[in-house]
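Below is one structure, written out as structure tokens; the observations come after it.
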Amino acid sequence: MDAREFKQRFMPHYRLLYRVAYHLTGNAQDAEDLLQDLYLKLWQKRDDLPDEAMRDAYLVTMMRNLFVDQRRQKRLDASAELKNGDDPPDERSLDHQIDARDEVRQLEGLIRELSERDAKIIQMHAVDDRSYEEIERDTGLSQGNIRIIVMRTKKKLKEQFDKIAKTWTS
């Protein structure tokens, strides 16, 4: 497949793919980067792509998988960077680490106070980084219900955490 044929096949999907990328990343710059990575991957595999690769569903799934892979890689890179830190920590970074651990413990405590269903869903979504589709398969709830539960639970946790944070700073 040459460049002209590639453009004819895949550029008509650009607007849809950009909207999906923006939805996944939450900002324009990251969406453009993700979309560029997707088109690069398509170009690199252009001769091996199945016929259904020109369908919207295939391209959206490919983008979602690329996004998840990139997030996992960033998480692995960040954890490796933390583990390989050779510099001795200064006092300010130790305070920050202690504060961060306290915040995590506090948040875990708030999650334990949630209903069993809400705690399970927020754990799967926020901690295990599972998609709404995966949560739907495991819980039997619709993706719409899961989104609402996640949104309301995050809001509730944030409000409770903000109350606790105010008492810490007072």
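The numbers here are math on the coordinates, done by the rules we state, and not lab data. What you see is a predicted model; the values in this text were computed from it and never measured. In this analysis, Cβ positions are derived from the backbone assuming ideal geometry, glycine residues included, and neighbour counts consider all displayed protein chains.
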Q | Gain in span if fully extended, K158 to R15, counting 0.36 nm per residue against the direct Cα distance | A | 48.1 nm
Q: Quote to one decimal, in nm, the extra length available between R46 and R117 on full extension: 0.36 nm per residue of separation minus the C-alpha distance between them.
A: 21.2 nm
Q. Near K7, which lysines are there with a Cα under 29 Å away, not counting those fewer than 8 places off in the same chain?
A. K41, K45
Q.
Starting from the 7 Å offset along Cα-to-Cβ, what nm value, one decimal, do you get for the label separation of E133 and E5?
A. 2.9 nm
**Q.** Burial order of peptide ranges 108-114, 30-36 (average beta-carbon count within 10 Å, highest first)
**A.** 30-36, 108-114
